[in-house]
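Chemist: Below you'll find the structure I mean.
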Amino acid sequence: MNAPYLWGGRTPLGVDCSGFVQVIYKLMGIDLPRDAWQQAQVGKSVKKFDEVQPGDLAFFDNKEDIIHVGIILENNQLIHSSGKVRMDLLTKKGIINSETGKKTLRLRAVRRIFVI
């Protein structure tokens, strides 16, 4: 938690969103591609928001391209690197910043990499 954002980073000294996800999954023995758009092509699509599970990956876009990824936790919490590694609320519309209460990114897709 709170590791600063660093584009291309994959260490506690700095990490970007896809690097964070890649490292966490690697610790579980699962290899994922480096970039969020590539990670969005792995696993199985979760079509209904009420069927998301902890460990699923949530992907966000800028209305065109996948630009962000985070890991879904219990109670619709999302851990991701956005400014720093942080936890925010995930809704079917996107991320709600836990500090400001404002929606920050639009949810594009959820993918299940493994079954719990």
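All of the numbers you see were taken from the coordinates with simple rules; none came from a lab. Predicted, not measured: the structure shown is a model, and the values here were computed from it. Quick reminder, even Gly has a Cβ in these numbers, built from the backbone with ideal geometry, and neighbours come from all protein chains shown.
Chemist: What are the lysines whose alpha-carbon lies under 22 Å from the alpha-carbon of LYS48, with same-chain residues fewer than 8 places away excluded?
Modeler: LYS63, LYS92, LYS93, LYS103
Chemist: While we're here: Tell me, ILE72, ILE30 in order of fewest to most beta-carbon neighbours within 10 Å? Please report the intermediate quantities before stating the final value.
Modeler: Details: ILE72 21, ILE30 14.
Starting with the residue having the fewest Cβ neighbours, the order is ILE30, ILE72.
Chemist: Further, regarding this structure: Summing -39500 (n - 2.57) over the DSSP H runs of n ≥ 4 in the chain and dividing by its residue number, what mean residue ellipticity at 222 nm do you reach, to the nearest 500 deg cm²/dmol?
Modeler: Working: 2 runs with 15 residues, N = 116.
For the chain, the value works out to -3500 deg cm²/dmol.
Chemist: Out of (1) 0.92; (2) 1.06; (3) 0.98, which label holds the value of Rg/Rh (Cα atoms, Kirkwood Rh) that was computed here?
Modeler: (1)
Chemist: A further question on this structure: Taking +1 at the Cβ of each Lys and Arg and -1 at the Cβ of each Asp and Glu, which of SER45, GLY55, THR11 sits farthest along the dipole of the range 1-83 towards its positive end, judged by Cα position relative to the Cα centre?
Modeler: In the range 1-83, that residue is THR11.
Chemist: Taking square-rooted eigenvalues a ≥ b ≥ c of the alpha carbon gyration tensor, is the range 51-108 rounded, prolate or oblate, where a/c under 1.5 means rounded and, failing that, a/b exceeding b/c means prolate?
Modeler: Working: a/c = 1.40, a/b = 1.09, b/c = 1.29.
Because its axes are fairly even, with a/c under 1.5, the range 51-108 counts as rounded.
Chemist: Sticking with this structure for a sec: Treat every Asp and Glu Cβ in the range 12-114 as -1 and every Lys and Arg Cβ as +1, leave all other atoms uncharged, and give the resulting dipole magnitude about the Cα centre to the nearest 20 debye.
Modeler: Working: 16 positive and 12 negative charges, 51 e Å.
Using Cβ point charges on Lys, Arg, Asp and Glu, the range 12-114 gives about 240 debye.
Chemist: So who's got an amide H within less than 5 Å of the one on ALA3, skipping anything under 5 residues away but keeping other chains? H placed 1.01 Å off N, in plane.
Modeler: For ALA3, whose amide H was placed from the backbone, the distant partners under 5 Å are VAL85.
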